[in-house]
Amino acid sequence: MSGRRARHGVLVAAGTVPARGGTLGTAATPSAPEGRTHLSADGTWQVDGYGTALTISDGVLRTRDTTAISCRPALTVRQSAVTGPDGTVRFAQDGIVTTVSPRTASLSHDSAMSTRRMRRISALPALSGREQPTGPVANLYVFWQTFKENYPFFTERGFDWDAFIERRDLGGESLERYADGAIGSADLPGGIGCLRMSRFVACAPGAYGHATDSPAPPRVLDRIINRARTSGPGARRGLIIDVRGDMGGLDGLALQIANRLTNRPYAAFAEQTRNDARDETRLTPRQTMRVIPAAGSPRCTGPITLLTGGSTVSAGEAFTQAPAERPAPTVRIGENTQGVFSDTLSRSLPNGWESSLSNEKCTTPRGHSFEGPGIPPPLRTPVFTEAESAADHDAVFDRARALLTGRRRPDGDNTGRRTP
């Protein structure tokens, strides 16, 4: 339930209710005299199917929009009338009228045919009590997670990216998923490995921040990049890394993975921030971020093909930039990344609004910025075009696989480092 959806309707509760002990059950007819309230709507509720949690306390109803990675305040409404004889409470604000009855476990709009079931829960999701990120990147994560958890037509629309990897690119072999779905891995015929990364954040269930995310990738990489796959007769001859749909996240996590792809340290990228209110060209001293080989862990040091596209963003681009400087052969294939690198500077405005802007200049170690146009791949190949989808083609993946199996050589520099 949200203010937008309820603005032109009335929410009415009907159905089953929690008994006094807290267990959901069917409501019995009250035996108390008429006019006496025997139930209370106060407490915490979850609306099934809408990702909405709400609390009622001291005559105030508060809703929160929830996903696996967020719990954000939405609507706050005060009680507008006395509590009814059966515990029914009405709330109204700016044309929004909401009726909640403790005798029920569903909600409905007066203009809608369907009803929304709801149930009591012991507490709001744990994320409701934590400070949560703001800014455009956080908006992207929450939007995508909301879409992922609530959109019911992926199958009907023919969109299932994980299934397309498995069916078309992996020949029906399953993609092993790790880190709460953030990382996928597979072994292909011919000694080729495939590593797909969809984000560098929320790598554990319910996780979003630095502390809870950081331990996940190393544990996952110990299983994916192990000694059997990096040395001896079963060693991979090459690795395809697919970040075409990577939503970004934490640059530190991207570097943790890059640390497992080299035996020699090297400079990955650099960062500066504007440092003069009157002159945008005056920046703080450049800080260079380095890839450091993971000590005591197996590392993949052979040829790599890195697949990028317009949906590769933020930390996904930091990761793209890091292997570009890798000493071992690395070839980037696909299309330009999105060109949105910077973390955000968050500020509060006088009216209480929150705002953010990009204030960091992220560059190659030599000082070149790809902000705007994105990082160009040396081997440009169309990504996810309508024609490819209609023909069940994935030219980027096919080209990467052919290069690693020796069926086709790259055009030009084998390292893929054609950046200033």
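The values are calculated or read from the model by the stated rules, or taken from the named source; none is laboratory data. All values derive from a computational prediction rather than experimental measurement. So basically every Cβ, Gly included, is an ideal-geometry build from the backbone, and we count neighbours across all protein chains shown. Note: accessible area is taken over every heavy atom of the protein model, side chains too, but ligands, DNA and RNA are not part of it. Shrake-Rupley method; radii C 1.70, N 1.55, O 1.52, S 1.80 Å.
Here are some notes:
- Nitroxide proxy distance, nm - points 7 Å out along Cα→Cβ at Ser174 and Ser355: 5.1 nm
- FRET E, pair Gln287, Gln132, Förster distance 45 Å, beta-carbon r, rounded to 0.05: 0.95
- FRET E, pair Ser40, Leu345, Förster distance 45 Å, beta-carbon r, rounded to 0.05: 0.50
- When restricted to Cα atoms, the range 276-342 yields an Rg and a Dmax of 15.5, 49 Å, respectively.
- Using a probe of 1.4 angstrom and keeping all protein chains present, the accessible surface of the range 206-333 works out to 41 square angstrom per residue.
- Counting 0.36 nm for each residue step from Ala402 to Asn275 and taking away their Cα separation leaves a gain of 41.0 nm.
- One quarter of the convex hull surface built on the alpha carbon atoms of the range 310-416 amounts to 9.4 nm², the projected area averaged over directions.
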